[in-house]
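Quick notes on the structure that follows.
The values are calculated or read from the model by the stated rules, or taken from the named source; none is laboratory data. Everything numeric here is computed off the predicted structure, so don't read it as measured data. Here Cβ is always computed from backbone atoms with ideal geometry, including for glycine, and neighbour counts include all displayed protein chains. Quick note on the areas: whole protein, heavy atoms, side chains included, nothing else; ligands and nucleic acids left out. Shrake-Rupley method; radii C 1.70, N 1.55, O 1.52, S 1.80 Å.
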Amino acid sequence: MGLADFTDKGCRVGGRILVALCLSLLVVVSQGFFSVADAADAPLVAKGYKMAGDATKMRIVMDFDREPDIKWFLLRGPNRLVIDLANTRLAIDAKDLKPRGLVKGVRLGALGEGASRLIVTGKGPFAVDKLDVLKNEDGTGYRIAIDMSAASEREFDAALANQALTTGSTVSTDKGGRVGTGPVSNPGHRFTVVIDPGHGGVDGGAEGLNGTIEKNVTLAFATELRDKLTAIGKYDVFMTRDTDEYLRLDDRVRIARQHEADLLISIHAD
């Protein structure tokens, strides 16, 4: 075999090795590309939900493995906060959704095409004081943090009107967002009194020597006071309860705030 034949054969062998190496590299790169693409297309995972607070203020935190793409808006009848979550799979324990405080009900479910929706129903009108998408400090994922507080129907209606004038809904980024611009002036507001009959329901209060129960005395007195104040014609008068109903202290404060009370009268008969 001559030098020319040896060189030609070596080139052919080397060429085949080079082609094989290129094909192997192409397969590795393609696998990496599709793995990245698959990861990007994979749904986010909503993996935690927590609520803390009372009937006047509430914070809701929802955890995700990656940064969520959300859209949120308000609805009335009843008063609700709706959060749409694009490309999100739900992995939340149902018992964590148990309502408390200002929140009357929580619903979470699939919308179709990979999207999910969270609906938070309030005990009457409320304000969304702040809604942020935040990166976790330990770098393990993201969270939505929602701050809500009891508000009046007028304030809720003003937030709805502001929502309609902007985009019809609010898209939250990592900088957060607000519905409305804060307290709204009410020039036509009459002096408002909320009367709070103490005790009620399972909480009977004190009991008299002849079996009289405090919750009945406070309700009877409050009803009489309401009628007297209403007859004057100068005040708007409401009651926290007009039946034998148990109310927590924070619920009594919530009702007063939702009526924009100038005066809250709490009645007891010890």
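Among the residues of the range 217-240 satisfying the criterion of being in contact with a helix residue (DSSP H, G or I) (Cβ under 7 Å, 6 or more places away or on another chain) and under 27 Å from residue 57 (Cβ atoms), which is surrounded by the most Cβ atoms within 10 Å (Cβ to Cβ)? Let's see the steps before the verdict.
Step one: list which residues in the range 217-240 are in contact with a helix residue (DSSP H, G or I) (Cβ under 7 Å, 6 or more places away or on another chain), which gives 235, 237, 239-240.
Those still in the list that are under 27 Å from residue 57 (Cβ atoms) too: 237, 239-240.
Working: 237: 23, 239: 20, 240: 25.
Filtering first and then ranking leaves 240.
Could you tell me whether residue 92 is of a type outside the set (D, E, K, R), at negative phi, touching a Gly at 6+ places or on another chain (Cβ under 9 Å) and in contact (Cβ under 8 Å) with a residue 24 or more places away in the chain? Criteria met by residue 92.
The condition of being modelled with pLDDT under 95, of a type in the set (Gly, Ala, Ser) and in contact with a Ser or Thr (Cβ under 8 Å, 6 or more places away or on another chain) holds for only one of 177, 141, that being 177.
Residues that are more than 21 Å from residue 93 (Cα to Cα) and at pLDDT below 95 were ranked within the range 57-77; the one that is surrounded by the most Cβ atoms within 10 Å (Cβ to Cβ) is 74. In the set 53, 112, 124, only one residue is among the small types (Gly, Ala, Ser), at positive phi, open to solvent by less than 60 Å² (accessible area, probe 1.4 Å) and free of Cβ contacts under 8 Å to residues at least 40 places away in the same chain; that residue is 112.
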